[in-house]
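Scroll down for the structure; my scribbles are underneath it.
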Amino acid sequence: MGLKATEAPGPPTAKATAAREKHFYFVLIPNFTMIAFATAVEPLRIANRMIGRDVYRWSLVSLDGEPARASNGIRIMVDMALKEARDQVRAGDRSEHVFVCGSLGVERFRDRSLNAWLQALDRQRIAIGALDTGAWVLADAGVLDGRRCAIHWEALPGFAERFPEVRVYADLFEVDGNCYTCAGGTASLDMMLHIIGEHLDDTVVARVCEQALTDRMRSATDRQRLPLRARLGLQNTRLLAIIELMEANIAEPLSLIEIARFARLSRRQIERLFRRNLGRSPARYYLEVRLDRAQSLLVQSDAPIVEIAVACGFVSASHFSKCYRELYGRSPQQERLGREPAPA
């Protein structure tokens, strides 16, 4: 479905001229995220234009060949069903890349045919990848066992609990052998620029960046989230260090004495810091951090509620439920029942 190349602004390099064509298959699962998909396709289109020929082609795939609905409600016409894509790749020349575009509610999505295809592609060492939460589908198929992968920070806690054998990171993207994964959003752009740079060269990458009005390709290990300072609007370095310590110790919460020893402050000084800057006690803030993690696990995983309680530092499910209801106005069971419906 690639667009016709137009005249490139400047002569292509020798490497770009000699590059073989590559064909990308984007599998759009129900409720796929549009931004991750769009920022993956557009660098390919721009690269074609920059070198003056269609070195990249792409096909859109849905499970049944019917239009795929994105999480924003827009329906996208596709080129083929999963079975046709499988047949095409089987007869291809190993120049294909197959990417799964993740979705809301992906943790409850499962398609046996897609899993079997991903396993076959991995055995053949054909490039496979995931955008946004698509890594969940690859992990469910077993192709990420023992490998590094990236996933959106919001989905990371539930993913790590569900797939302990996968080495998941809050990086923008990860490349491990023939597996390419990214955190979604504009991280898809960075991963595609990395692929283009490997296949063509850095000159083409620079031209694509100029056309996309981005100043550079971010590295794989650039942070996904805003720095804590910007996220919370805080400037006090000691307070920020304490909050980072809290976020790193969820399952076994630290006592205020331990935190004070780390920060080299008195308990009274820490109490004043939190009340002056955050309007609550350190104990209350720490509780909210743990409950926020619990909410992510309730929405993203099917782990028993008692396991989630323990994973977030609560001594019992009843104490966890009481604290959760006080903060969110609903029980953990109600939170789970009200989560996003599973993709069809």
Item to complete: Determine which single condition residue 159 fails, assuming it passes every other condition in (1) open to solvent by less than 30 Å² (accessible area, probe 1.4 Å); (2) at pLDDT below 85.
Response: (2)
Fill in: Top-ranked residue of the range 22-52 - restricted to ones that are closer than 17 Å to residue 72 by Cα and aromatic (Phe, Trp, Tyr), ranked as least open to solvent (accessible area, probe 1.4 Å)
32
Item to complete: Confirm whether residue 172 is at pLDDT below 95, closer than 30 Å to residue 250 by Cβ, open to solvent by 20 Å² or more (accessible area, probe 1.4 Å) and in contact with a strand residue (DSSP E or B) (Cβ under 9 Å, 6 or more places away or on another chain).
Response: no
Discussion item. I'd like the residue in the range 266-288 that is buried (at least 18 other Cβ atoms within 10 Å of the Cβ) and among the aliphatic types (A, V, I, L, M) and, out of all such residues, is nearest to the chain's Cα centre (by Cα).
Written reply: 287
Worksheet item: If you go through the range 232-262 one residue at a time, how many are in contact with a Leu (Cβ under 9 Å, 6 or more places away or on another chain) and basic (Lys, Arg)?
Response: 1
Worksheet, complete the sentence: Of the residues in the range 300-326, those that are crowded, with 21+ Cβ neighbours inside 10 Å and at pLDDT below 90 come to 300, 301
Item to complete: Would you check if residue 270 is part of a helix (DSSP H, G or I) and either touching a strand residue (DSSP E or B) at 6+ places or on another chain (Cβ under 7 Å) or more than 29 Å from residue 336 (Cβ to Cβ) (or both)?
Response: yes
Worksheet item: Looking only at residues in the range 218-260 that are surrounded by 12 or more Cβ atoms within 10 Å (Cβ to Cβ) and more than 28 Å from residue 160 (Cβ to Cβ), which one is modelled with the highest pLDDT?
Response: 260
Worksheet, complete the sentence: Of the residues in the range 176-209, those that are open to solvent by 10 Å² or more (accessible area, probe 1.4 Å), among the aliphatic types (A, V, I, L, M) and over 22 Å from the mean Cα position of the chain (by Cα) come to 205, 206
Discussion item. Out of the residues in the range 96-152 meeting the condition of being open to solvent by 20 Å² or more (accessible area, probe 1.4 Å) and closer than 19 Å to residue 186 by Cβ, tell me which one is farthest from the chain's Cα centre (by Cα).
Written reply: 104
Discussion item. I want to confirm something. Restricting to the range 62-72 and keeping residues that are modelled with pLDDT of 95 or more and of a type in the set (Gly, Ala, Ser), which single residue is most open to solvent (accessible area, probe 1.4 Å)?
Written reply: 65
Worksheet entry | Hits in the range 163-191 (condition: in a helix (DSSP H, G or I) and touching a Phe, Trp or Tyr at 6+ places or on another chain (Cβ under 9 Å)) | 187, 188, 190, 191
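The values are calculated or read from the model by the stated rules, or taken from the named source; none is laboratory data. Computed from a predicted model, the values in this text were never measured in an experiment. So basically every Cβ, Gly included, is an ideal-geometry build from the backbone, and we count neighbours across all protein chains shown. Surface accessibility is based on the protein's heavy atoms, side chains included, excluding ligands, DNA and RNA. Shrake-Rupley method; radii C 1.70, N 1.55, O 1.52, S 1.80 Å.
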